[in-house]
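Here's the structure we're looking at; comments come further down.
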């Protein structure tokens, strides 16, 4: 009996010794005040720290202050766009006005020079020396032939100018060459000896040259040079005719005509010289 008690006491002592940890054993300590790195509470899904003022683009809503600032910037941009649009419209109006003024000035100058050219090329009868009743008849006969031709071609000066101006508008403003050709053809049909007949022929040649219809361009420039040798458009028509010949491959004839234009000292002399310098 004493032997059994001794064995039991020894067994219980061994078990107790194995359960009690040693004094130097390390025990894991958990600090509940430190957030776990696996479940961050201060960071959003994108890794932005909320305490630093960041916000998630997907989840967070903008503040009222930021919305007000955005609305103010939008209003400012709209006002600036409206201001710029107004400036563009004003500039477009001024440009259109300047183009119209330039066209009006050109037509006025064209009319004056054309009238002067026809007046100087017309034949005037000498007045009768004696003061008889034939003086009135002589003075009547001494009027420029262009006046009677213009009146005899039908229509008045305003209709003539309107028809010629329609061609100029179509060519210079609208760039509608078909309409320009139609208007100038109609003008020459209604006013074959009109004040703007030479100009109409020049513009027909110019339009056909622009459209690369060299044969038609040559025809109209030749017609102008032959029928209106003293007109203010003739020197430029000679230069354009030489240019047409150059484009047609007749280089020698083109060079000869260009040199003739240069020698004439006309308003187209510099144009002809520049063309010679660049191409010969």
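No value in this document is a laboratory result; all are computed from the given coordinates. The structure presented is a predicted model; accordingly, all values stated were derived computationally and were not measured. Note that we place each Cβ from the backbone using ideal geometry, even for glycine, and neighbour counts take in every protein chain shown.
Points to keep in mind about this one:
- If you plug the beta carbon distance of residue 278 and residue 73 into 1/(1 + (r/R0)^6) with R0 = 51 Å, you get a FRET efficiency near 0.40.
- Per-residue extension of 0.36 nm, minus the Cα-Cα distance of residue 263 and residue 82, leaves a gain of 59.4 nm for this segment.
- Tensor-based shape of segment 211-280 (alpha-carbon gyration tensor, a/c under 1.5 rounded, otherwise prolate or oblate): oblate
- In this structure, residue 190 and residue 222 have a Cβ-Cβ separation that, at R0 = 30 Å, corresponds to a calculated FRET efficiency of about 0.85.
- Stretched out straight at 0.36 nm per residue, the stretch from residue 256 to residue 65 would grow longer than its current Cα-Cα span by 60.6 nm.
- The Cα-based radius of gyration of segment 161-280, divided by its Kirkwood radius, gives an Rg/Rh of 0.99.
- With R₀ fixed at 45 Å, the C-beta to C-beta distance from residue 91 to residue 270 puts the FRET efficiency at about 0.85.
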